[in-house]
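**Student:** Structure provided below as structure tokens; questions to follow.
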Amino acid sequence: RGTALADIGGFRSEVGRIGKVPVGGEETELFLRLRTLRPAGRGLLDPKARVQHYISADRVTLRYFVSRCYHEGLSKAVVTKLAAA
């Protein structure tokens, strides 16, 4: 018996951050495919889970924020195109 993640082939290589270009959306695209494969499937949330991220100084500037917002829009366009395929 395989897992849903294996059934959809895992993350797609054409989505996600590559090098220094902050285009993402890989999690959204993955979950869209999971939802298509198993529409009645359910996700689990562990409210006790914690994540600690280190944010470097270059990522707390207005310049980085604007760039990240722009690339977030590009990410959504890529994910939308892949979801329609």
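**Student:** Residues with beta-carbon under 13 Å from that of Ser67, excluding Ser67: net charge, scoring Lys, Arg +1 and Asp, Glu -1? Numbers along the way, then the final one.
**Tutor:** Working: positive: Arg17, Lys20, Arg59, Arg63, Arg68; negative: Asp58, Glu72.
With Lys, Arg at +1 and Asp, Glu at -1, the net is +3.
**Student:** Next up: How do Thr80, Thr3 line up, fewest other C-beta atoms within 10 Å first?
**Tutor:** Ordered from fewest to most neighbouring Cβ atoms within 10 Å, Thr80, Thr3 come out as Thr3, Thr80.
**Student:** Using a Förster radius of 22 Å, what is the FRET efficiency between Tyr54 and Phe11 based on their Cβ-Cβ separation? Nearest 0.05, please.
**Tutor:** After rounding to 0.05, the efficiency reads 0.45.
**Student:** Which of the lysines could a cross-linker span from Lys20 if the Cα-Cα distance has to be under 22 Å and same-chain partners fewer than 8 positions apart are dropped?
**Tutor:** Within the straight-line cut-off, Lys20 pairs with Lys76.
**Student:** Using DSSP loop states and a limit of at most 10 other Cβ atoms within 10 Å to flag trypsin sites (Lys or Arg not before Pro), what is the longest stretch of the chain containing no flagged site?
**Tutor:** 51-85
**Student:** Towards the positive end of the charge dipole of the chain, with charges on Cβ (+1 Lys, Arg; -1 Asp, Glu), say which of Ser67, Val51, Val15 has the farthest Cα.
**Tutor:** The Cα lying farthest towards the positive end belongs to Val51.
**Student:** Also: Estimate the FRET efficiency between Leu37 and Tyr70 by the formula 1/(1 + (r/R0)^6), using the beta-carbon distance for r and 30 Å for R0, to the nearest 0.05. Let's see the in-between values first.
**Tutor:** Numbers: r = 32 Å, r/R0 = 1.05.
E between Leu37 and Tyr70, to the nearest 0.05, is 0.45.
**Student:** Using only Cα atoms, tell me the angle between helix 62-84 and the longest principal axis of the chain; keep it within 0 to 90° and round to the nearest 10.
**Tutor:** Relative to the chain, helix 62-84 is tipped by roughly 20 degrees.
**Student:** Considering Cα pairs under 8 angstrom that are at least six residues apart, work out the relative contact order of the chain and quote it in whole percent.
**Tutor:** Once divided by the residue count of the chain, the mean separation gives 39 percent.
**Student:** Under 13 Å from the Cβ of Lys20, count the other residues' Cβ atoms, weight Lys and Arg +1, Asp and Glu -1, and hand me the total.
**Tutor:** So the surrounding residues net to +2.
**Student:** I'd like the chymotrypsin sites (Phe, Trp or Tyr not before Pro) in the chain restricted to DSSP loop residues with at most 14 other Cβ atoms within 10 Å, sorted by number.
**Tutor:** Passing sites in the chain are Phe11, Tyr54.
**Student:** Ignoring solvent entirely, what values of log10 I(q)/I(0) come out of the Debye formula for the chain at 0.17, 0.19, 0.21, 0.25 Å⁻¹ when each Cα is a single scatterer?
**Tutor:** Taking Cα atoms of the chain as identical point scatterers yields -0.89, -1.02, -1.10, -1.21.
No value in this document is a laboratory result; all are computed from the given coordinates. Given the structure is predicted, the values throughout are model-derived calculations rather than measurements. We place every Cβ from the backbone using ideal geometry, glycine too, and count neighbours over all the protein chains shown.
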